[in-house]
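Q: There's a structure below that I have some questions on.
Just so it is clear, none of the values below were taken in a lab; they were calculated from the coordinates. Treat the numbers as computed from the prediction; the structure is a model and nothing was measured. Heads up, the Cβs are rebuilt from the backbone with ideal geometry, glycines too, and the neighbour counts pull from every protein chain shown.
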Amino acid sequence: AQSVAQPEDQVNVAEGNPLTVKCTYSVSGNPYLFWYVQYPNRGLQFLLKYITGDNLVKGSYGFEAEFNKSQTSFHLKKPSALVSDSALYFCAVRDMTGSGGYQKVTFGIGTKLQVIP
Amino acid sequence: DSGVTQTPKHLITATGQRVTLRCSPRSGDLSVYWYQQSLDQGLQFLIQYYNGEERAKGNILERFSAQQFPDLHSELNLSSLELGDSALYFCASSGGGVNSPLHFGNGTRLTVT
């Protein structure tokens, strides 16, 4: 069964500093990985995805993620954090082992990012 | 705006009651997913529909059921409600391809008293 782990409940970073939010995954086939962000009282918003190809994926709002197959990780990064980046971040993996539209998407527990002014 | 509409935004009801949550997916999206978000359980996958048919099932209780209609909107029915069912319920839609991310609605906050 596929799974996603986000080992940190909360990450604190000073404004202007680089940030990393960690994610590791477990899948039986090729990994299809996603990052989402959730602001208070809102639904999740898509940030970026890894399907195949380059190990560094660029996404929305200056975020990027680094895929590492040997470490089964997909860490979210940003070179310079903004206070407005403070939110809940979710890593997710899509199961593509089925057919006919079977696509279970499993989310991690979420990591709260707090950017300190 | 994700294009996914969920109604109602808030729902307060008593234990033992039954409620229906509604979701309209983004135009053109065939897949609809339902998730439950609570503080202690995180985001739990409940069920997925694709073009009217159930395709994947997660940790959905027998008291809960869902369906996707020919116009692709979906409803999640929760019955014999318990206090522990209080949570945010999200609907998401997707185009169905491997490259397609999920697009989430803003959720329905259910409070069972």
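Q: At 20 °C and 1.002 mPa s, grab the translational diffusion coefficient of segment A:6-76 from Stokes-Einstein with a Kirkwood Rh over Cα pairs, rounded to a whole number in µm² per second.
A: The calculation lands on 162 µm²/s.
Q: Putting +1 on Lys and Arg Cβ atoms and -1 on Asp and Glu Cβ atoms, find which of A:THR111, A:SER3, A:THR24 reaches farthest to the positive end of the dipole of chain A.
A: Checking the options against the dipole of chain A, the answer is A:SER3.
Q: In chain B, if the dipole is taken from +1 on Lys/Arg beta carbons and -1 on Asp/Glu beta carbons about the Cα centre, which of B:ASN99, B:ASN77, B:LEU11 is farthest to the positive end?
A: Positive-most Cα among the choices belongs to B:LEU11.
Q: Same structure again: How far apart, in nm, are two points set 7 Å out from the Cα along the Cα-to-Cβ line at A:GLU8 and at B:SER86?
A: Once both label points are built, they end up 3.2 nm from each other.
Q: Separation of segment B:43-59 and segment A:1-48 by C-alpha centroid, Å?
A: Cα centroid of segment B:43-59 versus Cα centroid of segment A:1-48: 22 Å apart.
Q: In debye, nearest 20: dipole of the protein assembly as shown around its Cα centre with unit charges on the Cβ of K, R (+) and D, E (-)?
A: Magnitude of the dipole: close to 100 debye.
Q: Could you pull out which residues in segment A:15-53 have an amide N less than 13 Å from a spot 7 Å beyond the Cα of A:ALA1, following the Cα-Cβ vector?
A: none
Q: At a Förster distance of 30 Å, what's the computed FRET efficiency of A:ILE51 paired with B:LYS9, Cβ-Cβ distance as r, to 0.05?
A: For R0 = 30 Å, the calculated efficiency reads 0.35.
Q: Can you compute the FRET efficiency between B:ASP71 and A:GLU64 using 1/(1 + (r/R0)^6), with r the Cβ-Cβ distance and R0 = 41 Å? Round to the nearest 0.05.
A: Computed FRET efficiency for B:ASP71 and A:GLU64: 0.60.
Q: Mind running the shape call on chain B? Use the C-alpha gyration tensor, a ≥ b ≥ c as the square roots of the eigenvalues: rounded below 1.5 for a/c, prolate if a/b tops b/c, oblate otherwise.
A: prolate
Q: Something else: For the protein assembly as shown, compute Rg over Rh where Rg is the Cα radius of gyration and Rh is the Kirkwood radius from the inverse mean 1/r over Cα pairs.
A: 0.97
Q: If I model a spin label at B:THR111 and B:ILE60 as a point 7 Å from the Cα along the Cα→Cβ vector, what separation in nanometres do I get?
A: 2.7
Q: By per-residue mean of other Cβ atoms within 10 Å, what is the highest-first order of B:88-101, B:58-71?
A: Per-residue Cβ counts within 10 Å, averaged per peptide and sorted highest first, yield B:88-101, B:58-71.
Q: Further question on the same structure: FRET efficiency for B:SER27 and A:ASN41, Cβ-Cβ distance as r, R0 = 25 Å, nearest 0.05?
A: 0.55
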